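As structure tokens, the structure follows; a few thoughts come after it.
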Amino acid sequence: MKGRRWTEEEDHYLRERVLQSISSGGSQLDAFDEVGKKMGRTAGACGFRWNAVLRQQDPESYSDAKKQRVYTQLQRKRRPRFESLSRIGESLVEVERQWFYKKNHVEQLKKQIQYLDQEIQALERDNRSSADLEKQSEQLTQKELQERYQDLLHLVGEIQQQPAFAKFFSEMKFDFPVTDGKSDRDTSS
């Protein structure tokens with residue numbers, strides 16, 4: 001292998017791989033190792049060829065590759081910041097959307113609560129009215145029963161005083177004697 005000359009294609013391939021490795025943030029040694037394996041040369045021979053001949057022939061390409069590496073590294077460092085800013089922006093938009101949704105939902109719930117409060121008040125009024133009506137009905141029923149009972153007692157008292165029914169009433173035994181339309185129950189209270 002000693003003394004084997006470098007062909008133009010080998011020089012071109014070595015230059016291309018080293019510059020690509022430098023600009024993408026890799027090392028020259030990695031490029032030397034890769035090219036050496038592909039061409040059947042040692043990494044040291046590739047490094048010597050690059051440093052002694054090829055880099056001297058085109059120093060501008062080497063400088064451009066180094067600039068590209070710096071730019072790429074800066075981009076990698078900045079990208080997360082921009083990506084995180086982008087994600088923050090997206091998150092803010094989502095938060096804003098959710099906020100408007102929740103705000104609208106709260107407004108709907110407030111309206112529903114107001115409506116239900118009005119319904120409750122109406123039902124309470126109806127309930128009070130029903131209770132009042134029921135109480136009035138009960139009072140009227142009791143009053144009517146008392147009046148009828150008094151009328152009945154008065155009627156029985158009148159019948160008892162008629163001579164034709166006196167014998168009938170004397171044979172019957174009432175639990176409560178009736179006099180002047182009032183029973184002992186009425187007079188005892």
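We did not get these values from a lab; they are worked out from the coordinates using the rules stated. Everything numeric here is computed off the predicted structure, so don't read it as measured data. Cβ: placed from backbone, ideal geometry, glycine included. Neighbour counts: every protein chain shown.
The Kirkwood radius of the chain, taken over pairs of alpha-carbon atoms, gives through the Stokes-Einstein law at 10 °C and 1.306 mPa s a diffusion coefficient of 56 µm² s⁻¹. Using the average count of surrounding beta-carbon atoms within 10 Å as a protection proxy, the listed peptides 153-159, 110-116, 41-47 rank, highest first, as 41-47, 153-159, 110-116. Each of Lys103 and Glu134 was given a label point 7 Å from its Cα along the Cα-to-Cβ line. The distance between the two points is 4.8 nm. Cβ-Cβ distance of Arg148 and Gln112, R₀ of 35 Å, FRET efficiency by 1/(1 + (r/R0)^6): the value works out to about 0.10. Comparing Cys46, Gln108, Leu152 along the charge dipole axis of the chain, the residue lying farthest to the positive side is Cys46, per the Cβ-charge model.
Entry for segment 8-57 at q = 0.15 Å⁻¹: log10 I(q)/I(0) = -0.30, Debye formula applied to identical alpha-carbon scatterers, no solvent contribution.
Between Leu92 and Asn51, the distance separating the two model label sites (each 7 Å from Cα on the Cα→Cβ line) works out to 5.1 nm. Bridging of Lys103 to aspartates and glutamates at a Cα separation below 18 Å is possible for Glu94, once same-chain residues fewer than 8 apart are set aside. Relative to the dominant Cα principal axis of the chain, helix 28-39 is inclined by about 70°.
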